[in-house]
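Down below is the structure, laid out as structure tokens.
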Amino acid sequence: MNNAKGGFVAVHVGAGQHSEALKDKYQKLCRDACKKGIDSLRCGHTALDSVVEATIVLENSPLTNAGYGSNLTLDGKVECDASVMDGTNLQFGAVGAVGGIKNPVVLAKRLCQQQSVETTHGRIPPSFLVGAGAHVWAKEMGVQTLPPDDLISMKARKVYKHYKRKIEDHSNEVHKHMKKRMDTVGAISVDDLGNIAAACSSGGIILKYPGRVGQAGVWGCGSWACSSKSSVAASTSGCGEHLIRTTLARSIAEALSDTICPTTSLHHAMKKQFLDSRFLDGLDQKLGGVIALRYSAQDALGDLLWSHSTNSMIIGYMNSSDRSPTSRMSVLEPKDVGKKAIVEGICFTLSKDPLYCNS
């Protein structure tokens, strides 16, 4: 618990190509996640608690590629990546290629919190665990585990079988589809004291090689948060390899930390540090997206921004003074996909009088 009384939460269900038929369901899911995150802040919990609670809602939905419903690996298993960062103390926790964990973001949170715990004999607590080791540590910490196959949804199994056959037939359709379904999820949150946090969770790309870890589990790539005079946070989505090469979450957050016009700065950062990055030279399309927060506790003013170079990105947000959350789908012109980035956003102010605490 902390002394904050209000805050702001934003979530995303990925930057990729979202089905128009599922648009309403995705947007409702975003609103549900925002409500959960705001309830946490209204009850005096931390920004870190808030982003984790919001992300759990996203992980539990079969609509998303995170937790339950994650894409399957080449050998038909679920291997999840997730990370959180607490901007108050700059601590970070992440897991990669882990199976049998109901909510990978919870495990990442425990790793983050363990950074403050003194261990015996001077041992250094881990901040990033992968595979079987992460699963063992989760059991030791009391994080909920379950049979790995319980995370496989009917939709994920159907997609797996369809594209596994394509690979066996030497078709290039798999590569095209992987570019479309990059629906990593994430959340960012700030309380009215300026404490800020970020989270990111993903099941990875379709038919990924076992053991592959995407940006959601890598420091500076999937999530970033830093509390200071202007607190900033970011959560990314898109092609994990593109986001890792550009450490996009950190790059975006730092671009917004000290600027007069955050919209212009985000547009410049997406172009210079992502689309025109020398680390992505030779790629026909650069596919990524981000939601970002900047907040000044002194002025009680903040900015929420989102940007993507993919076909679409679905986001949601809510202020603790709002009675209901807002969600929307941002769309980029097909001719610009992978070559340009759309930038949008809103301004907000935080009240110290939240509407209620739904404990």
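What the table below lists for this structure:
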quantity	calculated
Search result, residues across the stretch 1-40 that are at pLDDT below 95, farther than 20 Å from residue 69 by Cβ and hydrophobic (A, V, I, L, M, F, W, C)	1, 4
Selection count, the stretch 76-94, where residues are in a loop (DSSP other than H, G, I, E, B) and over 20 Å from residue 233 (Cα atoms)	3
Condition check for residue 140: over 30 Å from residue 283 (Cβ atoms) and at pLDDT below 95	yes
Unmet requirement for residue 317, which otherwise passes all of (1) assigned to a strand (DSSP E or B); (2) surrounded by fewer than 24 Cβ atoms within 10 Å (Cβ to Cβ)	(2)
Hits in the stretch 296-314 - residues which are in contact (Cβ under 8 Å) with a residue 60 or more places away in the chain and more than 24 Å from residue 5 (Cα to Cα)	306, 308, 309, 310, 311, 312, 313, 314
Residue check, residue 57 closer than 20 Å to residue 14 by Cβ, open to solvent by 30 Å² or more (accessible area, probe 1.4 Å) and aliphatic (A, V, I, L, M)	yes
Matching entry among 108, 156, 97 (being in contact with an Asp or Glu (Cβ under 6 Å, 6 or more places away or on another chain) and either open to solvent by less than 10 Å² (accessible area, probe 1.4 Å) or not in a helix (DSSP H, G or I) (or both))	97
Where a residue in the stretch 253-282 is aromatic (Phe, Trp, Tyr) and its partner, wherever it lies, is assigned to a helix (DSSP H, G or I), with Cβ under 9 Å and at least six apart	274/242; 274/243; 274/248; 274/251; 274/252; 274/280; 279/242; 279/245
Of all residues in the stretch 323-335 being outside any strand (DSSP E or B) and either in contact with a helix residue (DSSP H, G or I) (Cβ under 8 Å, 6 or more places away or on another chain) or over 25 Å from residue 24 (Cβ atoms) (or both), the one that is least open to solvent (accessible area, probe 1.4 Å)	325
Output for the stretch 166-193, where each listed residue is at pLDDT 85 or above and either open to solvent by less than 30 Å² (accessible area, probe 1.4 Å) or over 25 Å from residue 304 (Cα atoms) (or both)	184, 185, 186, 187, 188, 189, 190, 191, 192
Set 337, 343: member being without any contact (Cβ under 8 Å) to a residue 60 or more places away in the chain and under 22 Å from the mean Cα position of the chain (by Cα)	337
Tally, over the stretch 265-300, of residues that are at pLDDT below 95 and assigned to a strand (DSSP E or B)	1
Residues of the stretch 36-70 satisfying the condition of being of a type in the set (Ser, Thr, Tyr), in a helix (DSSP H, G or I) and under 15 Å from the mean Cα position of the chain (by Cα)	50, 55
Verdict on residue 7 being in contact with a Leu (Cβ under 8 Å, 6 or more places away or on another chain), surrounded by fewer than 24 Cβ atoms within 10 Å (Cβ to Cβ) and touching a residue at least 40 places away in the same chain (Cβ under 8 Å)	no
Residues (surrounded by fewer than 23 Cβ atoms within 10 Å (Cβ to Cβ) and either farther than 29 Å from residue 155 by Cβ or of a type in the set (A, V, I, L, M, F, W, C) (or both)) located in the stretch 76-94	88, 89, 90, 91, 92
Residues being open to solvent by less than 30 Å² (accessible area, probe 1.4 Å), on the phi < 0 side of the Ramachandran plot and not β-branched (Val, Ile, Thr) - total across the stretch 271-312	21
Pick from the stretch 250-264, criterion assigned to a loop (DSSP other than H, G, I, E, B) and polar (S, T, N, Q), ranking: farthest from residue 292 (Cα to Cα)	259
Search result, residues across the stretch 210-232 that are open to solvent by less than 10 Å² (accessible area, probe 1.4 Å) and either on the phi > 0 side of the Ramachandran plot or basic (Lys, Arg) (or both)	220
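The values are calculated or read from the model by the stated rules, or taken from the named source; none is laboratory data. As the structure is a prediction and not an experimental result, all values here were calculated from the model. Note: ideal-geometry Cβ built from the backbone for every residue, glycine included; neighbour counts use all protein chains shown. We work out accessible area using only protein heavy atoms, side chains counted, and drop any ligands, DNA or RNA first. Shrake-Rupley method; radii C 1.70, N 1.55, O 1.52, S 1.80 Å.
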